[in-house]
Structure formats: C-alpha cells, structure tokens
Amino acid sequence: MTHLFDDPTTFSDDALAGFVAANQRFVRGTEGGVLRAAGTEHGHVAVVIGGGSGHYPAFAGLVGPGLAAAAVCGPIFTSPSAAHAQRVARAAQNGGGVLFSYGNYAGDVLHFGQAEERLNAAGIPTRTVLVTDDIASAPVEEREKRRGIAGDLTVFKVAGAAADRGDTLDEVVRVAEHANDRTRSLGVAFAGCTLPGSDEPLFTVPDGMMSLGLGIHGEPGISDHPMPSARELAELLVSRLLDERPEGADTRVVPILNGLGTITNEELFVLYGHVASLLAEAGLHIVEPECGQLVTSLDMSGLSLTLLWLDDELADLWAAPCQTPAYRKGSLPEAVFEKRAAGESADAEDATAGLPIEPAQNAAAAAVGARVVDLLVAIAATLADQEHELGALDAIAGDGDHGAGMLRGARAAQAAGKDAAAAGAGVDTVLQAAGDAWSEEAGGTSGALWGAGISAAGRALGDKESYDGSDAVRAVAAFRDDILHLGKAEIGDKTLVDALIPYADALATAMEGDSSTERLLDATQAAADRAETAAQATSDLRPKKGRARPLAERSVGHPDPGAISFALIAATIARQIRTERTGDNS
Ligand code: ADP
Ligand code: MG
C-alpha cells in the first residue's frame, strides 16, 4: 500500500523532484530524468540507464561518478518515451557516445530503440546493452528473451566503471555484454505491490505460500510454493542459480541479495548467512557481496538473489569506486563532483521539439482537422470509462498499467491535437502532433505502438479538404503496417495485432468497389464488430510477445488487454462517424 501521495497520476514526477532536491551533490533534474550534477568528462561514454519508476534505487539512485551518467525515468512501471530517452541522452553525452542499458521489456526496447536510431541519425553514436538476468522468465536456450531484474546493477556498474576510465564505446558495450552474460538472478515474492492510489495489489500470494520467479513490475510469479524456511529458500535459490553456471566461469562470484521493497534487512541477513555458506560449500569464493534494497518493486514483499560470475576484467570493474545517491564504493577525489556540467542543452539540439504547427492550405482542410480532434476526444472518453477494466486485465499476466497508459496517451493526443487544430492544422498535422504526444506521455509498449501508428495514419491521409472511404482504408493499413514493423508481432502472438489485422481486412473488404461515406458508416461498424470478436478470441491464446509472455499460462482464459482496447477504440470510431453523419449517437 502506498500511503502518501498528492495525486496518483503525478506520483512518479513528484517523487523524482523530491529525490533531486535531496541529492543535489550527485544529480540534477532534466525533462524525463536525471543527469550527473557535474556532467561526464569530455570524450567519455555516457552510460544512460532507465526504465519505469517504482524501482528505487534503480534507476535515478544509480547516477553519479563511476556509475551511470543519466537515468531516463518513466511513469510507475512504464517505460519512458523515446522522446525522453533521446533528450536525456543528448543532455548527458559529451562527445564519447551513448550506451543505453536497461532491463529487457518490450516497451523499453521500443522506446529506447527509437531513441537510439534518432541519436545515431543525428551523429551521436549510440548503442544498447539489454539486461537479461531473470532465469525464471525464459529457458536458457532463449536467454535473449529473458527480462532484466536485479542484475541491472551488475551490468550498469561494470559499464559505468569502464566508461569512466575512458574506454571507447565499443569497449564499454563489450564489457557490459560480458557482465550480462555472467549474471543470473531468481526472485520470490511473499506479497504483491500496490500502485499509488489503488486499493488492490497487482497480484496476491495465497496465505502460507511464496511465489517463485516474480517480475519487478508486479507481474506475479511463475509458480506458487509452500512458504519455506530461510535455509530452504537459500538452498532453492542457490541451487537453481548454480545449475546455470556460465561457461568458462572460475570460482569467484558476487552475490547480490536484493530486497524488493518491504522485506526487513534482518530477514535478508538471515537468508544471506545461508547463501554465503552454500556458495562456500560449492567451492566458490565470494567477492564484494551486496545485501540490501537495490532494485525494488514499490512495496512488494520479496527478494531476489543474483550471481555475477567474475573474471579478472569484471573483478576490476566491479571493485572500481563509485559515488551515487544510493550506491557507493571506495572513495573518489572531491574533484569528480566539481566538473562543470558539460552536456549539451537538450532543447537546443532536439530537432523534433517545438516545431511550429503548419496551418492547412485552406479553411476546409482545417475544418476536417478539427473533426479529427472530436474523434480523439471520443477515444479519450472511452478509455477513461474503461481504464480500470483494462488495468485489471493487464494485471492478470502483465503489470496492470494498460488502462492508465492508454488513457494518458489518449488525453495527451487530444490536447496536442486541439492545439494543432486551433493553429489551423489539417488532418495530417493534427495526427502527427497527436501521435507524438501519445507516445511521449503514455510510454510503455502500447504507447510506442499507438503513437507511431497514429502518426503513420496521418501521413497516409495528408492534409486534404475531404476524404472518402478509400482514404480510411489506406490510413488503417498504414496504422497496421507501422505497428507490425515496430512491434514485429504476428497473428496469434496474443497482442493487439490479433484484433488489428482482422479489423483492417474487414474494413478493406467492406469498402471494395464503393468508397462512399455512406458505405463507410457500415464498414467501420462491421470492422469494429470483427475486431471485438477477434479480441475476445485472444482468450484462448498464449502470449508470445510483451510483458505477459513469461506468465503465458495465467493469461489463458483472459483476452489480451491491448486487443480489447483496440476493439473499444474501433467501436468508438464507428460510433463517432455515425454521430457525425447522422447525429445519431445511440
Ligand atoms: P507494457 O506491456 O509495456 O506494460 P501496455 O500494458 O500498455 O504496455 O500494453 C500491453 C499490450 O501491448 C499487450 O496487451 C499487447 O496487446 C501489446 N503488445 C505487446 N507487445 C507487442 C508487440 N510486440 N506488438 C504489438 N503489440 C504488442
Ligand atoms: Mg502493461
């Protein structure tokens, strides 16, 4: 339970502002995250970490000399937007390039991936190393699909130490990948966590039980087990991790026993005592261990054990000094805090920020732009109505943020669309502004996809005075193609694509040979019905993409939240078109 807040919707921003105020020696705030107060040295790689909020000290608490150059901080449990990742990286970089490093989650991959592309296009060399330490989230043959949990710390620490000693971007990437290859984690939960402002936890663990293989976003564990003693739990975690000893590892390991938010340090120490003896019994040598709250999940009760398997190179980088708000090692000269801030101004460099709105060629084109805004208003209203249902559906196997994320995106799109229309913009410009705002404000997987899809639909429509049914078919096809290209999901993966493809097909078929607006009324309704049926039919599927994949079994019997929200929006579009044409909004 989160007891203290002003407004749940601004909780993560409010917390970040207070964090910056409390840690001015180390960090300063910037739009979308935090930077080292003293900047990074010229020519050094800027290690930019990030992800959703709710994991303190990850990620903002790990910014400082010897560790990260900056952190991009999204809403609670939701990936930050591409625009924020790009801005924070621009402000942090100082001529040595950028390494993005974060846990492997679909939303983060989409947004940071877009930012990486744009930074490279702007001449700032940028690379990515994903953290994939959670052994419960995919079998060892599919290590690249595993999600990142407390192993974030080892990868960030190694990368930060390499960057600060002046390694090149290629070298920093190499050692960070090496650290990830040598890191394994497994977690358990005793009770779920609760989003600020919510009364219900994202998942519950039955009394007397423990959930094994949890995620750090309130994704429930993979399986429930009777509550063990500390000794039994240590045996379970250590034996599972030792089963996956990386190839070529010697006997040196760093154990990290991580609390997830509300376990006492005393309990962690009881467990650590057993972990240390078990590792010693296995003939391993413990180097600079950690025991504390390092990557949390709001108020989740639980813990994870991570092992970093050292070699000489990793041992040096792990031992190197660092000074951050939440994680300190060794000592550094006072001078590291005095360097002048050398990052470039994010705004001055950001070509996409604040472009003037292009007015449509004439009043008729601007009038259609204004009608698109009515549609965005209707979509936001539908999502406001369904926010909690969509959130509950996403909590079954995901992280429970789908309703809040979609609503944040739709409201931002509505506001940006309104501003553009007020400046006389046509359909394309209104939709570009709406798509950018959706992606930027929503974050998360669906935020990246909807933002990009809406912008693509705008490009397909252009700024015209009037449109017919064939324009609608082309816009929907462009929306679909962009989402397929970006998310790479296929039919049957249990994503919004399972509703989107039948929708686009149904619309195209219904409009064949007659692109009149009269036909469009029926066609959008028929396509929306098809999307609704297809969305419900995802109940039978097991998710193959996104946050819900590790919990595929739990998801069976429930439809995919993204497919359901797509169908709701499709129905809203059909209703809005009918209202406009006939004034009938039944
Ligand atoms: P997150 O998963 O980042 O928390 P949301 O909860 O907002 O984001 O959105 C989850 C939805 O995103 C899923 O229900 C699914 O429909 C959709 N989704 C996930 N991955 C993909 C993908 N690769 N392509 C298309 N849609 C996806
Ligand atoms: Mg989600």
For this session: Select from segment 430-470 the residues that are at pLDDT 95 or above and of a type in the set (Val, Ile, Thr) and write down the one among them that is most open to solvent (accessible area, probe 1.4 Å).
Result: ILE454
For this session: Scan segment 564-575 for residues that are within 13 Å of ligand 2 (Cβ to nearest atom) and among the hydrophobic types (A, V, I, L, M, F, W, C) and report the count.
Result: 1
For this session: Scan segment 324-347 for residues that are open to solvent by less than 30 Å² (accessible area, probe 1.4 Å), at pLDDT 90 or above and more than 20 Å from PHE19 (Cα to Cα) and jot them down.
Result: LYS329
Problem set entry | Boolean, PRO543 is within 27 Å of the chain's Cα centre (by Cα), in a helix (DSSP H, G or I), in contact (Cβ under 8 Å) with a residue 40 or more places away in the chain and within 16 Å of ligand 2 (Cβ to nearest atom) | no
Problem set entry | Residue pairs meeting the criteria (Cβ under 6 Å; at least 6 apart or on separate chains; first under 16 Å from THR78 (Cβ atoms) and assigned to a helix (DSSP H, G or I), in segment 2-22; second among the polar types (S, T, N, Q) and open to solvent by less than 70 Å² (accessible area, probe 1.4 Å)) | SER12/SER53
For this session: Out of the residues in segment 385-397 that are touching a Leu at 6+ places or on another chain (Cβ under 7 Å) and touching a residue at least 40 places away in the same chain (Cβ under 8 Å), state the one that is surrounded by the most Cβ atoms within 10 Å (Cβ to Cβ).
Result: ALA397
For this session: Run VAL427 past the list (1) more than 29 Å from ASP108 (Cβ to Cβ); (2) β-branched (Val, Ile, Thr); (3) within 16 Å of ligand 2 (Cβ to nearest atom) and report the number of the one that doesn't hold.
Result: (3)
Problem set entry | Filtered residues of segment 71-107 (kept if within 15 Å of ligand 1 (Cβ to nearest atom) and either outside the structural domain of TYR56 (by TED's automatic domain parsing) or open to solvent by less than 10 Å² (accessible area, probe 1.4 Å) (or both)) | VAL72, GLY74, PHE77, THR78, SER79, PRO80, SER81, ALA82, ALA85, TYR102, GLY103, GLY107
For this session: Kindly provide the set of residues from segment 194-242 that are of a type in the set (A, V, I, L, M) and within 16 Å of ligand 2 (Cβ to nearest atom), ordered by number.
Result: LEU195, LEU202, LEU214, ILE216
Problem set entry | Among residues of segment 267-313, those that are in a helix (DSSP H, G or I) and open to solvent by less than 10 Å² (accessible area, probe 1.4 Å), counted | 4
For this session: Please indicate, with yes or no, whether at least one residue in segment 488-495 is at negative phi, outside any helix (DSSP H, G or I), among the hydrophobic types (A, V, I, L, M, F, W, C) and under 19 Å from the mean Cα position of the chain (by Cα).
Result: yes
Exercise. Can you pull out the residues in segment 408-424 that are within 15 Å of ligand 2 (Cβ to nearest atom) and open to solvent by less than 10 Å² (accessible area, probe 1.4 Å)?
Worked result: GLY409
Exercise. Is it the case that some residue within segment 570-577 is buried (at least 23 other Cβ atoms within 10 Å of the Cβ), within 16 Å of ligand 1 (Cβ to nearest atom), touching a residue at least 40 places away in the same chain (Cβ under 8 Å) and closer than 30 Å to VAL373 by Cβ?
Worked result: yes
For this session: Run GLY400 past the list (1) in a helix (DSSP H, G or I); (2) within 16 Å of ligand 2 (Cβ to nearest atom); (3) crowded, with 24+ Cβ neighbours inside 10 Å and report the number of the one that doesn't hold.
Result: (1)
Exercise. When only residues in segment 546-563 that are more than 16 Å from ligand 2 (Cβ to nearest atom) and in a loop (DSSP other than H, G, I, E, B) count, which is surrounded by the fewest Cβ atoms within 10 Å (Cβ to Cβ)?
Worked result: GLY557
Seminar exercise, completed: Taking segment 191-234 and keeping only residues that are under 17 Å from SER277 (Cβ atoms) and open to solvent by less than 50 Å² (accessible area, probe 1.4 Å), one is left with PRO228, ALA230, LEU233, ALA234
Exercise. Which one is farthest from ligand 2 (Cβ to nearest atom) among residues in segment 522-540 that are among the hydrophobic types (A, V, I, L, M, F, W, C) and open to solvent by 40 Å² or more (accessible area, probe 1.4 Å)?
Worked result: ALA526
Exercise. Of the conditions (1) open to solvent by less than 40 Å² (accessible area, probe 1.4 Å); (2) in contact (Cβ under 8 Å) with a residue 60 or more places away in the chain; (3) part of a loop (DSSP other than H, G, I, E, B), LEU237 fails just one. Which one is it?
Worked result: (3)
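The values are calculated or read from the model by the stated rules, or taken from the named source; none is laboratory data. Just so it is clear, the model here is predicted, and its values are computed rather than measured. Positions of Cβ are backbone-derived with ideal geometry, glycine not excepted, and every protein chain shown enters the neighbour counts. Heads up: the accessible areas ignore ligands, DNA and RNA and are worked out on the full protein's heavy atoms, side chains in. Shrake-Rupley method; radii C 1.70, N 1.55, O 1.52, S 1.80 Å.
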